[in-house]
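The values are calculated or read from the model by the stated rules, or taken from the named source; none is laboratory data. None of the values given here were measured: they were computed from a predicted structure. All Cβ positions, even for glycine, are placed from backbone atoms using ideal geometry, and neighbour counts span all protein chains on display. For the accessible areas, the whole protein counts, side chains as well, though only heavy atoms, and no ligand, DNA or RNA atoms are used. Shrake-Rupley method; radii C 1.70, N 1.55, O 1.52, S 1.80 Å.
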Amino acid sequence: MDPVSQLASAGTFRALKEPLAFLRTLELLFAIFAFSTCGGYSGGLRLSVDCVNKTDSDLSIDIAFAYPFRLHQVTFEVPTCEGKEREKLALTGDSSSSAEFFVTVAVFAFLYSLAATVVYIFFQNKYRENNRGPLIDFIVTVVFSFLWLVGSSAWAKGLSDVKVATDPKEVLLLMSACKQPSNKCMAVHSPVMSSLNTSVVFGFLNFILWAGNIWFVFKETGWHSSGQRYLPDPMEKHSSSYNQGRYNQDSYGSGGGYSQQESLGPASDEFGQQSSGPASFSNPI
């Protein structure tokens, strides 16, 4: 039997039905969506400059940009509407730091989720051995939750800057020809940002998943089991109070029976004295 078949036969895929492994699988998929929608993006916009002198016009000015969004390095040429001269311009802004940090967090989260899922399925005994595996898993989960929050927030701000820098109205303001009322400058089409918006959504969804998974990983650690060890058992407490109440009731019942026997003793003696009275009275008669 080959090693792959041995691993498949030894693995317990029932772990995928448990919240711990199931959430790890979702984290793996959502991390793929996060870095693919951001890291694989490429877009562009098209502008037109219609000069008074039609021979100087350029009705198709294409400006392309892509990940990692170093927009200040994106250059393009536009007409000046003053003869055949053209000016070279560049977009403004640099959102590469937030975009690259977001993609890096997504890639490492994908790798760790993949490795953790394999451990849950094939190496459960080693994972729980000496409580070392759950503790490491707990710490890494907390760290990635924080990184997802920071990375998603930073990339959301970076994406906002990208949208402003690539807005056709803002780009037209950079052209000297468009500052002259006699020339007509128009935006042919704007860049499509739907995939970048999706990346931000998946970033915050990953944060929610990782933050929610902290509890399930914490339950596997020794900290949770040691805390459960010292918690009072409500059933045991109820049973002890019930036994104590029953003991008091039995004690009260036995004490009452004993007092009744003591009270019956003198009463019977007294009753005997009364019965002997008429007998002694009838003898003289």
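Okay, here's what the table says:
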quantity: Selected residue (criterion: farthest from Asp161 (Cα to Cα)) from residues of segment 62-87 that are in a loop (DSSP other than H, G, I, E, B) and touching a helix residue (DSSP H, G or I) at 6+ places or on another chain (Cβ under 6 Å); calculated: Cys81
quantity: Conditions (1) under 30 Å from Phe65 (Cβ atoms); (2) open to solvent by 40 Å² or more (accessible area, probe 1.4 Å); (3) in a helix (DSSP H, G or I); number of the one not met by Ser98; calculated: (2)
quantity: Every pair of residues 6+ apart whose Cβ atoms lie under 9 Å, when the first sits in segment 76-91 and is farther than 10 Å from Ala177 by Cβ and open to solvent by 40 Å² or more (accessible area, probe 1.4 Å) while the second is hydroxyl-bearing (Ser, Thr, Tyr) and not in a loop (DSSP other than H, G, I, E, B); calculated: Lys84/Thr55; Lys88/Thr75
quantity: Residues of segment 132-169 that turn out to be open to solvent by 40 Å² or more (accessible area, probe 1.4 Å), touching a residue at least 40 places away in the same chain (Cβ under 8 Å) and not hydrophobic (A, V, I, L, M, F, W, C), as a count; calculated: 2
quantity: Single condition Ala109 does not satisfy, out of (1) closer than 17 Å to Cys38 by Cα; (2) open to solvent by 20 Å² or more (accessible area, probe 1.4 Å); (3) touching a residue at least 40 places away in the same chain (Cβ under 8 Å); calculated: (2)
quantity: Selection within segment 56-74 - open to solvent by less than 80 Å² (accessible area, probe 1.4 Å) and within 19 Å of Ala187 (Cβ to Cβ); calculated: Ser57, Asp58, Ser60, Ile61, Ile63, Ala64, Phe65, Leu71, Val74
quantity: Residue within segment 113-124 that is touching a residue at least 24 places away in the same chain (Cβ under 8 Å), open to solvent by 60 Å² or more (accessible area, probe 1.4 Å) and either polar (S, T, N, Q) or more than 15 Å from Glu18 (Cβ to Cβ) (or both) present; calculated: yes
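Here's the yes/no breakdown for (1) modelled with pLDDT of 85 or more; (2) more than 22 Å from the chain's Cα centre (by Cα); (3) loosely packed, with under 14 Cβ neighbours inside 10 Å:
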{"position": "Gln180", "(1), (2), (3)": "yes, yes, no"}
{"position": "Cys185", "(1), (2), (3)": "yes, yes, no"}
{"position": "Pro191", "(1), (2), (3)": "yes, yes, no"}
{"position": "Leu196", "(1), (2), (3)": "yes, no, no"}
{"position": "Val201", "(1), (2), (3)": "yes, no, no"}
{"position": "Asn206", "(1), (2), (3)": "yes, no, no"}
{"position": "Leu209", "(1), (2), (3)": "yes, no, no"}
{"position": "Phe216", "(1), (2), (3)": "yes, no, no"}
{"position": "Tyr247", "(1), (2), (3)": "no, yes, yes"}
